[in-house]
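One structure is given below, encoded as structure tokens.
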Amino acid sequence: MELKNRALRDIYVDLLMEYAETHPELVIVEADLATALATKRFFKKYPNRAINVGVAEANMIGVAAGLANMGKLPFTHTFTPFATRRVFDQVTLSVAYSKLNVKMVGSDPGIMAQLNGGTHMSLEDVGIMRNIPTMTIFEPVDGVQLAKIFPQIVDHNGPVYIRLLRKDFDPIFDESEDFELGKAKVIKEGKDVSIFATGIEVKEALDAEAILAKKGISVSVVNIHTVKPLDVEAIVKEAKRTGAVVTAENHNIINGLGSAVAEALVENYPTVMERIGTRDHFGEVGKKEFLMEKYGLKAHHIVDAVLKVLDRKSKL
């Protein structure tokens, strides 16, 4: 499968179709977004295994739960706000409480809704899904990571929420890399500070690391692709090694990656820490670069957070 120079949604649909060949129980349930999410190809090849419920996301989750209860493996698809906050009760009761095996995709997470604006810009979806018992939350950085972890999602028995970019992504990983659902991935190893990043913020964290290296600051960059269950062991290990932590996420700092890491550290190894993310704010219309600058998600914002946390560390 070609993983370079392709939209992430196209790689995702290729994976769906590939696994549908060997998993006859795999079906998809759409909320009238087959064009936006490129699943039309799946509808054409497997017309009896694809359902469009229309713009009725709560019903989509109910249908998926019913299919799962009958032994099917449903994947649902819509934009992040409609995959989480609009269907919270259905996901909680019909899927998670009922112990059903439903995989839910929310596309264009955080500021990546861009010109669709604030109504489509969910900056709290991770926080919503973190609250649901048994939920797994996965956000691939690029096509390589998505392709490597996808079979683990198929095999995982339980609900999974996937934050998926639809279009362009920053290629970070080589195809030789391996990943494990629920386990952090160390990309760079340093000794002064650890940056835990997810999604589009991984590229920014790596850019920040390069800037800081020129200042003589040694930085670890760790990809937290699975926000829940969190790899507490890896986080505590990094904190013990560097003694300073920065988190970076395309999400509200409230109840997202930053909160999850802070909870893990305060219970296991209290460490000076700074968080990069949106700060209790709704989204708005804008292109990626404008929104990243406005909400403080760029590499230079991460650099500032690192310098601040190192200053705090020096005063301990």
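Quick notes on this one:
- Boolean, LEU73 is at pLDDT below 95, in contact with a strand residue (DSSP E or B) (Cβ under 6 Å, 6 or more places away or on another chain) and closer than 29 Å to THR198 by Cα: no
- Among the candidates GLU30, GLU21, residue that is farther than 23 Å from VAL91 by Cβ and charged (D, E, K, R): GLU21
- Checking each residue of region 288-310 against the condition of being basic (Lys, Arg) and closer than 24 Å to LEU181 by Cβ gives no match.
- Of all the listed residues (ASN69, ASN101, ASN131, ASN52), the sole one being of a type outside the set (A, V, I, L, M, F, W, C) and without any contact (Cβ under 8 Å) to a residue 24 or more places away in the chain is ASN52.
- Test for SER94: is it touching a Ser or Thr at 6+ places or on another chain (Cβ under 8 Å) and crowded, with 19+ Cβ neighbours inside 10 Å: no
- Which numbered condition ASN5 misses (of (1) on the phi > 0 side of the Ramachandran plot; (2) touching a helix residue (DSSP H, G or I) at 6+ places or on another chain (Cβ under 6 Å); (3) without any contact (Cβ under 8 Å) to a residue 24 or more places away in the chain): (2)
- Checked against the criterion of being surrounded by fewer than 24 Cβ atoms within 10 Å (Cβ to Cβ), touching a strand residue (DSSP E or B) at 6+ places or on another chain (Cβ under 6 Å), among the aliphatic types (A, V, I, L, M) and at pLDDT 95 or above, the candidates ILE187, ILE195 yield just one match: ILE187.
- Filtered residue count, region 161-183, keeping only those that are surrounded by fewer than 22 Cβ atoms within 10 Å (Cβ to Cβ) and within 13 Å of the chain's Cα centre (by Cα): 3
- Residue that is in contact (Cβ under 8 Å) with a residue 40 or more places away in the chain, in the same structural domain as GLY216 (by TED's automatic domain parsing) and within 14 Å of VAL222 (Cβ to Cβ), where the choices are VAL141, VAL193: VAL193
- Residue among ALA34, ALA58, ALA64, ALA68 that is part of a loop (DSSP other than H, G, I, E, B) and in the same structural domain as VAL141 (by TED's automatic domain parsing): ALA34
The values are calculated or read from the model by the stated rules, or taken from the named source; none is laboratory data. It should be emphasised that the depicted structure is a prediction, and the values quoted were computed from it without experimental measurement. Using ideal geometry, Cβ is built from the backbone for each residue, glycine included, and neighbour counts are taken over all protein chains shown.
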